[in-house]
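Below: one structure, written as structure tokens.
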């Protein structure tokens, strides 16, 4: 299962790279640029560090869930207008946001505690976005159903997400090095961050979609 899911996720990534890049960039590129310009030491804004933290938190709980949902919808529905995924998942955004807050807090607490509990929760809740976007489940039902679907396959799913996380950072390494080492400016930091975003959003949208099809068929 591990090899098949990772392989199919990689093939989806390659086949849909440019389309996925554009979908992600439409939303995240201007937001990441704004966050990059908000240096925590920005002297013209009182409490500038908190402005940066607030902007980053808003992106994490709003923009990223919407991007995940749009990519899942796009790959499930086939090639449609580029921004159709955002339009079709806009109504599911409250559930995507709620699920992101709950899963992020739970996984982080699990990782801080003993690492393994956090990875278990990452696996058990791995199908939440496809369940919300493709089945119209609310966030509570999506969490419960994802947990039920993955139960019995927890270790393979954990391994899939760990492998894909390593692969994502490996592929993003070159643009990150170019951004931070070669360019060494705001543009470089922005490009490096955007490269990481594209890899993580792509893999963490495609892999759950592939697992969803396998575990619900």
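Structure data summary
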quantity	calculated
Label-point gap, in nm, between residue 102 and residue 148 - each point 7 angstrom along Cα→Cβ	1.4
Gain on full stretching of the segment that runs from residue 185 to residue 22 - 0.36 nm per residue minus C-alpha separation	56.3 nm
Fully extended contour minus Cα-Cα distance, from residue 37 to residue 93, at 0.36 nm per residue	17.5 nm
Distance between modelled label sites at residue 169 and residue 135, nm, 7 Å Cα→Cβ extension	3.2
Cα→Cβ-extended label distance, 7 Å offset, between residue 77 and residue 60, nm	3.0
Length released on extending from residue 178 to residue 162, taking residue separation times 0.36 nm less the Cα-Cα span	3.3 nm
Folded to 0 to 90 degrees: helix 64-77 orientation relative to the chain principal axis, Cα	50
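Only the coordinates and a few stated rules stand behind these numbers; no lab work does. Computed from a predicted structure; not experimentally measured. Cβ coordinates were reconstructed from backbone atoms using ideal geometry, including for glycine residues, and neighbour counts include every protein chain displayed.
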